[in-house]
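Right, one structure below, let's go through it.
Derivation of every value follows stated rules applied to the coordinates shown; laboratory data play no part. Small disclaimer: the values here were computed from a predicted structure and weren't measured. Using ideal geometry, Cβ is built from the backbone for each residue, glycine included, and neighbour counts are taken over all protein chains shown.
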Amino acid sequence: MLTRRQTLLAGAAFTSVPFIIATASAEELLSTSHVPPADLSHMQRIKRELVAPPFVHTHEQIISREPAIIEFEMNIIEQEIQIADDAFVQAMTFDGTMPGPMLVVHEGDYVEVTLYNQHDNLMQHNIDFHSATGALGGGSLTLVNPGEKVILRWKATRPGVFVYHCAPGGPMIPWHVVSGMSGAVMVLPREGLKDHEQNPVSYDRVYYIGENDFYIPRTEDGFFMRFEDAGDSYSDTLDVMNGLIPTHVTFNGKVGALTGDQALKARQGERVLIIHSQANRDSRPHLIGGHGDLVWETGKFNNPPQRDLETWFIRGGSAGAALYQFLQPGVYAYVNHNLIEAVNLGATAHFIVDGQWNNDLMEQVLPPTEYEVLHKGRTALP
């Protein structure tokens, strides 16, 4: 009797459903069944419950325990998501969010992820952890059909923040990524973060901002197209993707997702760690009204952070981290400082900070006031 996997793969010759076409090439698949399993029976196991971004699951910043096996579960969910008032995408997601949830462990820990590809999905999927070593980041060992699960364990050897994303092979890789399938891992040093002089630093809050670029086709009348499922959207979406000009650039999966009632909160004096990932394109985060006190622009904590940055650079396919202490109350805009993408395409978030205004840092000396024109080119101030 054929297994479900054999049945699905056998259908490749008779269907155009993209999950069949997406099968990775032979050289991208890997079997390690001939290698004896690692004996980690002596190690402590800790199960973590993931939460939807921009929030991050409970974790310690500094640990004294021995390295442990940190267990996570993630579900692959294909679903339609509205990303703007007039635009919908047939999204592919980890745990139903864009970006997928952030995983936090410490250097030396083992990350054990159980990945479920839901029965009613259409596609094959896998996961490539940029923080892992070997097997295409785990992608060669995690390719799952709808209705299958896989368990991958890898050792966190390098502290920093890293992207993970789906990479099922060939042209499916960029399509799955720009359809929402990316997230981030933070591997903290066991002794916590250090500043440029190796002094310990901590954060009061941490937020995860995942930047997505979307490529939604338009009708002849200029309206954004809407599709029945991901397979139906592939051909038209690919045409837009190949033009390399996104129709939307968003933070956390939707225009305005981190503004208004969903704005990020902080209190005056708090240090906030901002994790920013972009799995596909370069980005230039800027906090309007604030700065990057300490910025790990490449996201790797073995490198000393830069100080006092106005704008920092996130390379496509990477994540970065910035620490800022909010000194004034009010609204701060966090943007991709390609301002066309921030204002016109959606890459803007807001921080709302509670506290007492400090006139020593900034004072409105004169409110907007009409002035008298003496003659051309000269004015008389009140």
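Miscellaneous remarks
- Comparing 127, 46, 173 in a Gaussian network model of the chain, where Cα atoms under 10 Å apart are tied by springs, the biggest mean-square fluctuation is seen for 46.
- In the chain, helices alone account for a calculated mean residue ellipticity at 222 nm of -2000 deg cm²/dmol, with every DSSP H run of four or more residues adding -39,500 (n - 2.57).
- For region 322-365, the list of chymotrypsin sites (Phe, Trp or Tyr not before Pro) that fall in a loop by DSSP and count at most 15 other C-beta atoms within 10 angstrom reads 357.
- Its Cα centre serving as origin, the chain has a Cβ charge dipole (Lys and Arg +1, Asp and Glu -1) of approximately 760 debye.
- Cα centroid separation - region 129-152 against region 261-332, whole Å: 30 Å
- Dividing the alpha-carbon radius of gyration of region 140-263 by the rule-of-thumb value 2.2 N^0.38 Å gives 1.38.
- Loop sites here are trypsin sites (Lys or Arg not before Pro) outside DSSP states H, G, I, E and B with no more than 13 other Cβ atoms within 10 Å. The longest part of the chain free of them is 66-375.
- Total formal charge among the other residues, if their Cβ is under 14 angstrom from that of residue 219, Lys/Arg +1 and Asp/Glu -1: -3
- Taking the C-alpha atoms only, the angle from helix 230-241 to the longest principal axis of the chain is near 50 degrees.
- Only lysine pairs 8 or more places apart, or on different chains, with alpha-carbon atoms under 27 angstrom apart are counted in the chain, and they number 10.
- Residues whose amide H falls under 5 Å from that of residue 271, counting only those 5 or more places apart or on a different chain, are 204, 205, with hydrogens built in the peptide plane.
- Under Karplus coefficients 6.51, -1.76 and 1.60, residue-wise ³J(HN,Hα) of region 34-42 in Hz, glycine/proline x: 7, 9, x, x, 5, 8, 10, 5, 7
- GNM result for the chain, Cα springs below 10 Å: residue of 223, 301, 251 fluctuating most strongly: 223
- DSSP beta bridge pairing in region 62-218, given as percent antiparallel to the nearest 5: 70 percent
- Counted over the chain, the DSSP beta bridges are approximately 70% antiparallel.
- For the chain, the relative contact order comes to 14 percent (Cα pairs under 8 Å, sequence separation of at least 6).
- Residue of 372, 197, 66 that the Gaussian network model of the chain assigns the largest fluctuation, springs spanning Cα pairs under 10 Å: 372
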